[in-house]
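Worksheet: one structure, shown below.
The values are calculated or read from the model by the stated rules, or taken from the named source; none is laboratory data. Please read all numbers here as calculations on a predicted model, not as lab measurements. Methodologically, a virtual Cβ is constructed for each residue, glycine included, from the backbone with ideal geometry; neighbour enumeration extends over all protein chains shown. Calculation scope for accessible area: heavy atoms of the full protein, side chains included, ligands and nucleic acids excluded. Shrake-Rupley method; radii C 1.70, N 1.55, O 1.52, S 1.80 Å.
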Number of protein chains: 4
Amino acid sequence: MIGSINYYRNMNDDSFSFFWKGIIVKRNRPKFKQIIDAAVVVIAENGYHQAQVSKIAKQAGVADGTIYLYFKNKEDILISLFQEKMGTFVETIETELKQVKTASDKLLVLIQQHFAQLSEDTHLAIVTQLELRQSNKELRIKINDVLKGYLDLMEKIIQEGITEGEFSEELDKKLARQMIFGTIDETVTTWVMNEQKYNLNQLAKPIHHMMARACGSQIFEKKV
Amino acid sequence: MIGSINYYRNMNDDSFSFFWKGIIVKRNRPKFKQIIDAAVVVIAENGYHQAQVSKIAKQAGVADGTIYLYFKNKEDILISLFQEKMGTFVETIETELKQVKTASDKLLVLIQQHFAQLSEDTHLAIVTQLELRQSNKELRIKINDVLKGYLDLMEKIIQEGITEGEFSEELDKKLARQMIFGTIDETVTTWVMNEQKYNLNQLAKPIHHMMARACGSQIFEKKV
Amino acid sequence: MIGSINYYRNMNDDSFSFFWKGIIVKRNRPKFKQIIDAAVVVIAENGYHQAQVSKIAKQAGVADGTIYLYFKNKEDILISLFQEKMGTFVETIETELKQVKTASDKLLVLIQQHFAQLSEDTHLAIVTQLELRQSNKELRIKINDVLKGYLDLMEKIIQEGITEGEFSEELDKKLARQMIFGTIDETVTTWVMNEQKYNLNQLAKPIHHMMARACGSQIFEKKV
Amino acid sequence: MIGSINYYRNMNDDSFSFFWKGIIVKRNRPKFKQIIDAAVVVIAENGYHQAQVSKIAKQAGVADGTIYLYFKNKEDILISLFQEKMGTFVETIETELKQVKTASDKLLVLIQQHFAQLSEDTHLAIVTQLELRQSNKELRIKINDVLKGYLDLMEKIIQEGITEGEFSEELDKKLARQMIFGTIDETVTTWVMNEQKYNLNQLAKPIHHMMARACGSQIFEKKV
DNA sequence: CATGAATGAGATTTCATTCAT
DNA sequence: AATGAATGAAATCTCATTCAT
């Protein structure tokens with residue numbers, strides 16, 4: 001996915017169709033990001049079903065019709081939103097991961113970064129945890145495509161842990177990834193639904209503790 | 001919640017208000033369940049936003065207006081659906097749990113039962129994992145109220161495991177519950193989104209394995 | 001109209017069809033009046049558009065279906081209501097008029113009685129002045145038929161006044177009747193819309209004063 | 001009220017809120033009046049309850065949705081209709097009144113203009129006398145607010161008559177106004193219900209005669 | 001490039017009336 | 001005679017998208 005997220009931004013390939021070039025150019029224009037940021041605010045503050053195109057346009061300071069110069073339709077705004085934000089999100093995590101060695105530590109950094117980034121942008125947290133899930137099945141499948149890069153990253157860490165002997169060799173990679181993502185996701189959702197009353201970041205360590213143990217890491221076990 | 005789910009069914013108390021009696025009577029009439037079952041089918045096959053009241057009525061074999069003799073409005077159908085199904089769901093799990101001793105085993109039975117029940121009723125699985133999440137925030141809050149009973153049950157098992165020395169005494173109950181529910185939920189959702197291609201039930205054991213280890217259970221650790 | 005209002009009640013004529021006899025018999029049964037009185041209360045308290053048949057049935061203490069044993073349809077309730085109440089209303093005024101000699105005095109008694117009867121039954125006042133006017137054109141035409149007897153009574157008094165030399169011989173009977181009814185009606189409506197805050201009865205004399213002068217009566221003119 | 005009716009049309013005041021400016025701009029666009037005129041025709045020809053928004057839109061030559069760019073909801077069409085038409089109605093009468101001196105003559109002109117304007121626009125007459133009265137209480141209260149300006153105008157004339165010694169000094173202003181409006185209104189309603197068979201305009205003089213006498217004007221009294 | 005007025009399809013809910021018991 | 005559960009037709013309003021300017 002990381003590829004797919006960075007797709008448009010890194011692209012220099014002349015062989016792409018004129019159509020896509022048009023879109024690529026648009027993605028670099030200031031109004032593109034302006035509209036996406038407006039969408040995040042409007043959805044977070046009004047909820048998914050009350051986030052009309054006209055509201056997003058007003059928040060972005062453009063006319064309704066202008067939206068359609070940058071996005072194919074409303075769904076495209078939401079997918080692009082997810083791509084943009086998720087792209088940055090995963091990029092940041094990947095950068096941080098480079099400074100870490102063991103799989104267990106990478107897991108910790110991933111969880112910490114996940115929490116940190118959503119803690120810092122509660123609008124985005126509300127949108128991704130609550131509002132965007134109200135979209136229809138079709139859109140959620142597309143969102144899952146975007147998410148796939150992040151899930152792959154998790155699976156890579158797990159594989160590394162198994163290979164390096166940190167994690168149990170019987171571990172089912174796919175299930176472990178579903179556990180890690182499911183746990184992180186449920187934790188953030190609960191935090192958002194509780195109106196961010198408590199500090200999300202301090203949950204990273206105990207959650208990492210559970211995840212590592214679940215993966216068969218022995219580092220937390222009491223030495224006799 | 002378990003109480004609240006069983007609320008109407010077990011009630012014999014004459015002191016309840018006329019209003020509630022009216023509703024209770026309706027809940028016990030055959031058409032009530034008939035409409036709910038129709039709603040599950042229609043939502044699963046058409047998607048949340050394409051599940052018009054008229055479709056549900058037709059599927060249930062009643063007139064559109066009849067729906068409104070049993071339900072306040074469309075949202076009420078969905079809440080009642082969740083209450084009825086979740087009620088049976090949790091009741092079944094509770095019954096099975098009575099035959100089990102240790103917290104770890106209870107966790108296994110819970111996961112197995114969770115998977116078994118949704119495996120057996122894929123319509124219901126689709127509705128709870130994908131479609132009902134498209135409902136608006138207000139409805140989701142009501143659904144969460146119903147869910148709370150299930151989450152409490154999980155927490156009770158965790159507490160028991162800690163008390164009995166099966167689970168680590170440092171375990172954060174609330175986080176552990178979020179992990180268990182998040183993991184199970186993500187697993188089922190992935191399975192539904194993959195169109196139930198594989199056997200969900202056989203995932204119960206490996207997932208239980210991870211959960212138990214995450215909780216600090218030693219039963220899976222290799223004896224040296 | 002007075003005839004038409006008393007129509008059913010005074011009827012002994014064997015030549016009427018079986019159908020009508022059925023209705024006549026019904027009109028004398030207690031539930032007939034019971035339902036009409038319920039309708040007055042329900043309409044006054046809930047408004048015309050919130051006066052559902054089921055509400056009237058509940059207020060009358062009968063089943064919905066029972067209404068249709070006594071009335072052809074909902075409109076028939078309202079027409080019957082108007083006939084019953086208007087019949088009594090006009091009968092009472094006619095009785096009082098018998099004790100009065102001059103046209104001017106008859107006018108005064110009519111106005112006084114009109115006000116007195118509506119003052120005493122504010123439910124009825126609300127229904128006739130505000131709520132029943134929301135009915136559709138067709139029903140209002142039928143109501144006007146019932147009203148006709150009352151209007152005829154007014155015209156008779158005016159004619160008498162002209163014949164006896166009390167009123168101007170140039171007076172247009174029909175217009176004078178429209179003035180009298182229009183004035184009384186507007187006065188009562190204003191009173192009802194002001195939530196019966198003031199005493200309606202004490203308006204009878206000044207209004208009569210104006211009506212009599214308008215008719216050319218000299219009795220109030222200052223003697224030089 | 002006269003002010004309130006002219007409110008939007010005369011306004012040049014920059015200090016008004018953005019919201020109201022939006023509405024004012026809409027009120028001056030051609031489609032606003034186009035829709036109102038369509039509403040008058042549709043309501044007159046189909047009756048209040050058969051005047052669906054889609055019929056009004058079709059008659060106005062716009063899409064259903066366009067209605068909602070100019071009116072908050074269906075009720076708002078009706079209120080605006082009444083405001084627009086009543087505004088013009090009262091303005092016209094006020095203009096004509098400027099050329100008249102005595103209160104009695106003003107009363108005559110008022111009645112003549114009232115009849116003339118409704119005679120010339122029978123659609124409007126049907127709507128105001130019959131159809132709009134079927135609206136619910138809430139709407140009728142709003143209509144009454146609009147009407148208030150007209151009633152105030154009547155009261156002003158009456159007051160003038162009293163002050164100038166034309167009318168009896170014992171005259172109750174409020175009752176006199178209720179008489180005048182009630183009489184005019186009843187006359188027009190009767191005329192409309194008789195399907196405008198006769199000439200309404202020629203009733204102005206005899207009605208004025210009665211009204212003036214009722215107010216104590218001596219001008220019609222035979223000089224001995 | 002940008003605008004924003006106009007479009008029009010589509011669904012929930014109410015309630016008078018019926019009719020089997 | 002009385003019941004009351006069931007019926008089903010019908011209409012307002014929203015909002016994503018377009019296109020003339």
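Buried accessible area for the B:A pair, summed, 1.4 Å probe, in Å² rounded to 100? Before the final figure, lay out the partial values.
On the way: alone 12260 and 12180 Å², together 21350 Å².
Accessible area lost upon association: around 3100 Å².
Sort B:184-193, C:49-58 by packing, meaning the average of other beta carbons within 10 Å per residue, with the highest value first. Numbers along the way, then the final one.
Details: B:184-193: 20.4, C:49-58: 17.1.
Highest to lowest by the protection proxy: B:184-193, C:49-58.
Just how far, in whole angstrom, is segment C:147-162 from segment A:154-202 if you go by their alpha carbon centroids?
Distance between centres, Cα-based: 92 Å.
For C:Gln52, go 7 angstrom from Cα along the Cα-to-Cβ vector, then report the distances to that same point in the other copies in nm, smallest first.
The answer, with the shortest distance listed first, is 2.3, 2.3, 3.0 nm.
Could you work out, residue by residue across B:47-54, how many beta carbons of other chains sit within 10 Å of that residue's beta carbon, and then give the average as an integer? Working shown, then result.
Working: counts 3, 3, 2, 1, 0, 0, 0, 0.
That works out to 1 on average.
With the contact rule set at Cα under 8 Å and sequence spacing of 6 or more, what percent relative contact order holds for segment B:2-214? Display every interim value, and only then the final one.
On the way: 170 pairs, mean separation 47.4, N = 213.
Value for segment B:2-214: 22 percent.
Quick check for me: using +1 on Lys/Arg Cβ and -1 on Asp/Glu Cβ, what's the dipole size of segment A:2-214 about its Cα centre, in debye to the nearest 20? Before the final figure, lay out each step's value.
Numbers: 27 positive and 28 negative charges, 143 e Å.
Approximately 680 debye in magnitude.
From largest to smallest, what semi-axes in whole angstrom does chain D give when each is the square root of 5 times an eigenvalue of its alpha carbon gyration tensor?
On the way: eigenvalues 246, 89, 37 Å².
The equivalent ellipsoid of chain D has semi-axes of 35, 21, 14 Å.
Counting only other chains, and only Cβ atoms inside 10 Å, what mean value do you get across the residues of A:210-219? Spell out each step's value before the answer.
Details: counts 14, 3, 2, 9, 10, 3, 6, 1, 1, 0.
If you average over the peptide's residues, the count of other-chain Cβ atoms is 5.
Give the carbon-plus-sulfur fraction of the accessible surface of segment A:2-214 in %, rounded to a whole number; probe 1.4 Å, heavy atoms of protein chains only. Show your work: numbers first, answer last.
Numbers: 4900 of 9730 Å².
Whole-percent figure for carbon plus sulfur exposure: 50.
Using a 7 Å offset from Cα along the direction of the beta-carbon, what are the separations from B:Asn194 to the same position in each other copy, nm, ascending?
Those separations, rounded to one decimal, come out as 3.2, 8.0, 8.6 nm.
Just which residue of chain C brings its Cβ nearest the axis of rotation onto chain B, and by how many angstrom, rounded whole?
Smallest Cβ distance to the axis, with its residue: C:Gly65, 4.
Under 1.5 on a/c is rounded, so check that first for segment B:109-208, then, if it is not, pick prolate when a/b is larger than b/c and oblate when it is not; a ≥ b ≥ c are the square roots of the alpha carbon gyration tensor eigenvalues. If you can, show how the numbers build up before the last one.
Values: a/c = 2.48, a/b = 1.36, b/c = 1.82.
Since a/c reaches 1.5 but b/c is at least a/b, the shape of segment B:109-208 is classed as oblate.
At what distance in nm do the modelled label points of B:Lys205 and D:Asn201 sit from each other, each positioned 7 Å from its Cα along Cα→Cβ?
Reported label-point gap for B:Lys205 and D:Asn201 is 10.1 nm.
Say the cut-off is 24 Å between C-alpha atoms; which of C:Lys101/C:Lys173; A:Lys148/A:Lys197; C:Lys58/C:Lys148; C:Lys85/C:Lys148; A:Lys55/B:Lys137; C:Lys137/D:Lys31 go over it? Write out the running numbers ahead of the final one.
Working: C:Lys101/C:Lys173 19 Å; A:Lys148/A:Lys197 30 Å; C:Lys58/C:Lys148 33 Å; C:Lys85/C:Lys148 14 Å; A:Lys55/B:Lys137 19 Å; C:Lys137/D:Lys31 30 Å.
Result: A:Lys148/A:Lys197; C:Lys58/C:Lys148; C:Lys137/D:Lys31 exceed 24 Å.
Return the average number of partner chain Cβ atoms within 10 angstrom of each residue Cβ along peptide B:187-197.
Working: counts 5, 2, 4, 8, 1, 0, 4, 0, 0, 0, 0.
Per residue, the number of nearby Cβ atoms from other chains is 2 on average.
Highest mean first, what order results for A:61-69, C:38-46, B:101-109 on Cβ atoms within 10 Å? Could you put the intermediate results ahead of the total?
Numbers: A:61-69: 14.1, C:38-46: 21.1, B:101-109: 19.6.
Per-residue mean Cβ counts within 10 Å order the peptides as C:38-46, B:101-109, A:61-69.
At B:Lys156, with labels set 7 Å past Cα in the Cβ direction, how many nm apart are the copies from this one, shortest first?
4.5, 7.7, 8.3
Just to verify a number: FRET efficiency for A:Asp121 and C:Asn46, C-beta to C-beta distance, R0 = 45 Å, to 0.05? Mind dumping the intermediate values first?
Values: r = 52 Å, r/R0 = 1.15.
Result of the calculation: an efficiency of 0.30.
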